[in-house]
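**Student:** What follows is a single structure, and I will ask about it in a moment.
Laboratory data are not the source of any read-out in this text; all were calculated from the coordinates shown. Keep in mind that this is a model prediction, so the values were computed, not measured. We place every Cβ from the backbone using ideal geometry, glycine too, and count neighbours over all the protein chains shown.
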Amino acid sequence: MQVGVSDTLVQRVRDAGGHPLLVPPGAADQADAVLDRVDALLVTGGAFDIHPGHYGQAPRGRIDAVDESRTTLELALLRAALAFEHTWTETGC
């Protein structure tokens, strides 16, 4: 498995005073523990589709590459972040 983000994104996080932490797919059961150790969460997205079943819909049209382990991780992190008692800042990129 190859996991990564662009050098530009890593540098932007550093420029903002952050210390990037890459959480590999497969760690979905550790979402709460990850959020206990960070001050912010940036979900980068990727070159894959999220299966419509994750939001209660049936597939319509074309679905390209699906990465279930990454989708499961990202959804677990987002759900945990929404339930987490912490101040999160929302930004649009």
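**Student:** Let me see the pair-distance distribution of region 37-85: every alpha carbon pair, 5 Å bin width, integer percents in order.
**Tutor:** Result, from short to long distances: 5, 17, 25, 24, 14, 9, 5, 2 percent.
**Student:** To continue, here is another question. With point charges of +1 on the Cβ of Lys and Arg and -1 on the Cβ of Asp and Glu, referenced to the Cα centre of region 1-62, which listed residue (GLY18, THR8, GLY56) lies farthest in the positive direction of the dipole?
**Tutor:** Checked the options; the winner is GLY56.
**Student:** Run through all the Cα pairs of the chain and give the fraction in each 10 Å bin from 0, expressed as whole percent.
**Tutor:** Bins of 10 Å from zero give 14, 43, 35, 8, 0 percent of pairs.
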